[in-house]
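Data block below; observations after.
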Amino acid sequence: MIDHKECRLGVCPIGKFAFSHEDAKVQKNAVMDKLRELGVDYADIEEAVPDGLVRSKDQAAAVVAYLKEKQVDALFMPHCNFGTEDATGIIARELDVPVLLWAPRDGAPLADGSRLRDSLCGSFAASKVLHTMGVKFDYIENCRVEDGAFRRGMELFLGAVRVVKAVKTARIGQIGIRIPFFWCTVIDEARLLNQLGVQVYPFDMVEFIERYRTRLKKDGKKYEEELREIRKWLDPGNIAEQGMLTSLAMKDELFEMAEQNGIDAYAIQNFDSLTVDMGEGSGLGGALAEERIPVAAETDIHGALSSIIIEAAANGREPSFFPEFTIRHPQNDNAVLMWHASAPPSLRDPQKGKVSIREPWILKSLPATSLQFPLKNGELTVCRFDGNNGEYRIGTGEGKAIDGPQTREVYTWYEVDDWPKWERRLIEGPYVHHVSCLYGNYSDILEKACRFLPGVVCERFDR
């Protein structure tokens, strides 16, 4: 499974023989101090070149070899007095990781009219070379290292790098085949693998069922104790314990399978094989599993990838949830119901009482497996990875979860800037109704990440 915090930044300061080397070292040291203050995991090039500053393309090979050895996930190239643009291009192209370009804001000319550095000018030269060499890069505006723009730019870039790494190393566990009549979740698995490196790892449904049954027989007493703790926030009514205990065993089986096989998210054919086998209360296990690993319903592979993406953007601060857009608010023209959510109970509105379990109100033939609770209010980002024929998009936007009419199952009402605009973009784009959601504001990170994902463009629903 991906550790969202594992993101190592290679720092490659760039200098130029024609400007003050001593002042370039001052700027380089200020950058390193700021990165340490921000808690960035980085590798510098002090051991690769004198003074840890590149000043000639002859030094490029040594820097590339050193940073490859350090296994950096991204490259930061601060231009500390001007810039050696040929070395910049060579190093960036050879490392083949996301690149960030920046230069400190230059001081006033000296008394005699000369200047210690022309860092902004050097950035223009370097950016042209990066474009020419086909290197994808991001840029922090010319500013002082202590300015808010530097912190914000660095945080956005590192967030984007986490997303890129998460996509390129993603492994999605698929349990069960696609539901036959759900054509909207048909995907091209080979294209995902070849274009983006996303792996789909299938598990046999019959074997999975046997595994969690065996686990329950072995650890039944443990699950009885766990269920007693869960009852502090769960009111199951008259539902028999057996299905809930089985679902807790299923939850732990998902965790173990993920650890053994490097699974980052699951796409599960949640009805009706599992619900029929476990019986009443089976929805409890999947909801609890989402506290640690995303679970997308209805064998939605793109949906599982959407959850991996948004959780990487948020650096694992909180779990995502997986609802669908359903109906417009009866009075609020800019709000819509997010319903049928697969969501961790930790995201519930704590003021609305205990969680309960009932039968799905649409598929009444199924046992009582659906958790019932409204989600908490707050700022909310949606994310949907989708597309066809290798033309992929990450659709994203920000709004807020608000109060609204009561309904069944897990839900919230979502208010945005202009719902008719969102609706048209969702309909006209290559999207299904499922989305991955996370409390907070992450669309800027997702937009930036698309700069570094081949064949993926970002569509902002809120712009």
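Looking at region 348-426, the chymotrypsin sites (Phe, Trp or Tyr not before Pro) that sit in a DSSP loop and have at most 14 other Cβ atoms within 10 Å of their own Cβ are W361. The separation of region 319-340 from region 193-228, counted between C-alpha centres, amounts to 30 Å. A DSSP coil position with no more than 10 other Cβ atoms inside 10 Å describes the following trypsin sites (Lys or Arg not before Pro) in region 324-415: K364. Judged by the mean number of other Cβ atoms found within 10 Å, the most tightly packed of the peptides 84-97, 213-226, 48-61 leads the ranking 84-97, 48-61, 213-226. With a simple spin-label model that places each label point 7 Å from the Cα along the Cα-to-Cβ direction, the separation between Q351 and W183 comes to 4.5 nm.
Taking the helices alone, the chain has a mean residue ellipticity at 222 nm of -11500 deg cm²/dmol, built from -39,500 (n - 2.57) per DSSP H run of at least 4 residues and averaged over all its residues.
Measuring against 27 Å, Cα to Cα, the residue pairs K251/K421; K354/K400; K34/K136; K354/K421; K232/K400; K222/K352 contain K251/K421; K354/K421; K232/K400; K222/K352 as the ones spanning a longer distance.
All other residues whose Cβ lies under 11 angstrom from that of I239 are scored, Lys and Arg at +1 and Asp and Glu at -1, for a net of -3.
For region 42-108, the solvent-accessible area works out to 39 Å² per residue, with a probe of 1.4 Å and every protein chain left in place.
Measuring nothing but protein heavy atoms, the accessible surface of the chain at 1.4 Å probe radius is 48 percent carbon and sulfur. Excluding R424 itself, what net charge comes from residues whose Cβ is under 12 Å from its Cβ, given Lys and Arg +1 and Asp and Glu -1? Once all neighbours under 12 Å are counted, the net charge is -2. Absence of a disulfide-compatible partner, taken as no other cysteine beta carbon within less than 4.7 angstrom, is noted in the chain for C7, C12, C80, C121, C143, C184, C383, C437. Maximal additional length on extending the D418-N334 stretch stands at 29.7 nm, based on 0.36 nm per residue less the C-alpha distance. Shape analysis of region 352-398 based on the Cα gyration tensor places the equivalent ellipsoid semi-axes at 32, 20, 6 Å, largest first. For region 170-460, DSSP calls about 60 percent of its internal beta bridges antiparallel.
The residues of region 170-460 expose on average 42 square angstrom of accessible surface per residue, using a 1.4 Å probe on protein heavy atoms.
Could you give the Stokes-Einstein D for region 169-323 in µm² per second, using the C-alpha Kirkwood radius, 4 °C, 1.567 mPa s?
The calculation lands on 80 µm²/s.
Computed over region 372-423, the convex hull of the alpha-carbon atoms projects to a mean area of 4.7 nm². Per residue of region 376-384, what does 6.51 cos²θ - 1.76 cosθ + 1.60 with θ = phi - 60° give for ³J(HN,Hα)? Whole Hz please, x for Gly and Pro, Karplus curve as stated. Each residue's phi maps through the Karplus curve to give 6, 7, x, 4, 9, 9, 10, 9, 9 Hz. The aspartates and glutamates whose alpha-carbon is closer than 15 Å to the alpha-carbon of K16, local same-chain residues fewer than 8 away aside, are D51, D58, E85, D86, D106, D118.
Near F182, within a Cβ-to-Cβ distance under 10 Å, what is the net charge of the other residues, with Lys and Arg +1 and Asp and Glu -1?
Every neighbour counted, the sum reads -1.
Under a point-charge model restricted to the Cβ atoms of Lys and Arg (+1) and Asp and Glu (-1), what is the dipole moment magnitude of the chain relative to its Cα centre, in debye to the nearest 20? The calculation lands at about 160 debye. Candidates L9, I179, V206 compared by Cα position along the dipole of the chain: farthest toward the positive end lies L9, with charges placed on Cβ.
The values are calculated or read from the model by the stated rules, or taken from the named source; none is laboratory data. These figures come from a predicted structure and were not determined experimentally. Don't worry about glycine lacking a Cβ; one is built from the backbone with ideal geometry, like all the others, and counts go over all protein chains shown. What goes into the accessible areas is simple: the full protein's heavy atoms, side chains included, and nothing from ligands, DNA or RNA. Shrake-Rupley method; radii C 1.70, N 1.55, O 1.52, S 1.80 Å.
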